[in-house]
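Participant: This is the structure I want to talk about, given as structure tokens.
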Amino acid sequence: MSNTNAYRHPLGHDEAAFTAALLAEVEEAIQWEGPDQVAIVIAEPVQNSGGSFTPPAGYWKGLRALCDKYGILLVADEVITGFGRVGEWFGSLRFEGRPDLLTFAKGVTAGHAPLGGVLMSEKVAAPFTSGDAVFTHGLTFGGHPLTTSIALAALDIYEREGVLDNVRANEPFLRAGLEELRRVPIVGDIRGAGYFWSVELVKDRTTKQTWEDDEASWLLRDILTAQMVERGLLCRLDDRGDPVIQLSPPLVADRALLDSMVGIVGQALEAAWVGWQDRAAHAA
């Protein structure tokens, strides 16, 4: 099935058609497998791998409708998007998803201690809370008092300091700054939500031509990494799909810090563009 990469999808320019095409693929896959063979559908509200793919309007509502139609549980993987990363407590809230189960980690303790968990609907929990069934599973450190206390303290701070409000207020500023990076010819796409963004890099913006493996390695590891480290920025440079720069600033970052981050990325990209032109000229 296709992911929610509007930049690369032939219908990505038409949001309604894009949503319909994606949901049609999901339903086709369910029917091909047989609805009685599909227990759950798992999705990230914003897909991490490949670079911050946000869902088109109506996508999560459509997933909910398909799961209801075929008796399938919908699971939101919110290990990354939970607890403020996209400006809401959970990405499911922002994108109008109503999952039956929701997995979380990372942000629940603000990264200060390892903790993960699962939230579930009353429907899913009912067999266990009623005593009709037993979930025969356990972890040595399940419900650990130290990490759960850290989580409660972190959540109190999120609320007291208005951390999610900070992300929501500054998202338009961050988006606008990143959009300015399109001035560099190797920038193909800017996408994301909240404080979770990616810049996709292309060889040719008109054709959206991507890079060969050796070119991507040179671009990300030899040029951009060196440029950013020299200027004091650490971020993920990912080529597991098409090459992207992934940016996930601290949720408490103010506009001055965001502006500095975007400025460093812009300087690094400009240096990479010059380096690519030199490399191409020598190859010719």
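The values are calculated or read from the model by the stated rules, or taken from the named source; none is laboratory data. Worth saying up front: this structure is predicted, and the values here are computed from it rather than measured. Glycine gets a Cβ as well: all are built from the backbone with ideal geometry, and neighbour counts include every protein chain shown.
Participant: Before we move on, is S248 of a type in the set (S, T, Y), under 23 Å from W89 (Cβ atoms), touching a Ser or Thr at 6+ places or on another chain (Cβ under 6 Å) and not assigned by TED's automatic domain parsing to the domain that holds N48?
Facilitator: Criteria not met by S248.
Participant: Could you give every pair whose Cβ atoms fall below 6 Å, whose first residue belongs to region 140-156 and is assigned by TED's automatic domain parsing to the domain that holds G84 and more than 12 Å from G117 (Cβ to Cβ), and whose second residue is buried (at least 16 other Cβ atoms within 10 Å of the Cβ) and polar (S, T, N, Q), counting only separations of at least 6 or pairs across chains?
Facilitator: So the pair list comes out as I150/T109; A154/T109.
Participant: Can you tell me which residues in region 70-107 are closer than 21 Å to F18 by Cα and of a type in the set (D, E, K, R)?
Facilitator: R94, E96, R98, listed by residue number.
Participant: Restricting attention to region 191-212, which residues are touching a residue at least 12 places away in the same chain (Cβ under 8 Å) and either at positive phi or surrounded by fewer than 19 Cβ atoms within 10 Å (Cβ to Cβ) (or both)?
Facilitator: In the first step, residues of region 191-212 are kept if they are touching a residue at least 12 places away in the same chain (Cβ under 8 Å); the result is 191-203, 205, 208, 210-211.
Once the filter is applied, which keeps residues that are touching a residue at least 12 places away in the same chain (Cβ under 8 Å) and either at positive phi or surrounded by fewer than 19 Cβ atoms within 10 Å (Cβ to Cβ) (or both), region 191-212 yields G192, G194, R205, K208, T210.
Let's see how each residue does on (1) touching a Phe, Trp or Tyr at 6+ places or on another chain (Cβ under 7 Å); (2) at pLDDT below 95; (3) surrounded by fewer than 18 Cβ atoms within 10 Å (Cβ to Cβ):
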{"site": "I40", "(1), (2), (3)": "no, no, yes"}
{"site": "Q47", "(1), (2), (3)": "yes, no, no"}
{"site": "F53", "(1), (2), (3)": "no, no, no"}
{"site": "D68", "(1), (2), (3)": "no, no, yes"}
{"site": "E96", "(1), (2), (3)": "yes, yes, yes"}
{"site": "G111", "(1), (2), (3)": "no, yes, yes"}
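Participant: Let me ask another. Considering region 187-217 alone, what residues qualify as being among the aromatic types (F, W, Y) and over 19 Å from P172 (Cα atoms)?
Facilitator: Going residue by residue through region 187-217, those that are among the aromatic types (F, W, Y) are 195-197, 211.
If the condition is that a residue be among the aromatic types (F, W, Y) and over 19 Å from P172 (Cα atoms), then W211 is the only one that fits.
Participant: What residue, of L258, L251, L219, is crowded, with 19+ Cβ neighbours inside 10 Å and more than 26 Å from G111 (Cα to Cα)?
Facilitator: Numbers: L258 fails: more than 26 Å from G111 (Cα to Cα); L251 fails: more than 26 Å from G111 (Cα to Cα).
Exactly one residue qualifies, and that residue is L219.
Participant: Moving to a separate point now. If you scan region 193-220, which residues turn out to be in a helix (DSSP H, G or I), more than 30 Å from G82 (Cβ to Cβ) and either in contact with a strand residue (DSSP E or B) (Cβ under 7 Å, 6 or more places away or on another chain) or of a type in the set (D, E, K, R) (or both)?
Facilitator: D213, D214, E215, L219
Participant: Still on this model: How do the helices (runs of 4 or more DSSP H) wholly within region 46-162 filter down when requiring 2 or more residues that are aromatic (F, W, Y), under 30 Å from D36 (Cβ atoms) and touching a Leu at 6+ places or on another chain (Cβ under 8 Å): which remain? It would help to see each step written out before you state the result.
Facilitator: On the way: elements: 59-70, 91-94, 122-129, 145-161.
So the answer is none; nothing clears 2.
Participant: Test T148 against the criterion of being farther than 21 Å from S260 by Cβ and surrounded by fewer than 11 Cβ atoms within 10 Å (Cβ to Cβ), and give yes or no.
Facilitator: When the stated conditions are applied, T148 does not pass them.
Participant: Right, another one. Of all residues in region 119-139, which are surrounded by 12 or more Cβ atoms within 10 Å (Cβ to Cβ) and of a type in the set (V, I, T)?
Facilitator: Result: V124, single match.
Participant: Please specify each residue of region 154-186 satisfying the condition of being surrounded by 14 or more Cβ atoms within 10 Å (Cβ to Cβ) and over 24 Å from the mean Cα position of the chain (by Cα).
Facilitator: P185
Participant: List every residue pair whose Cβ atoms lie under 7 Å apart, where the two residues are 6 or more positions apart in sequence or sit on different chains, the first residue falls within region 165-185 and is of a type in the set (A, V, I, L, M, F, W, C), and the second residue, located anywhere, is exposed (fewer than 15 other Cβ atoms within 10 Å of the Cβ).
Facilitator: Partner pairs satisfying both residue conditions: F173/R255.
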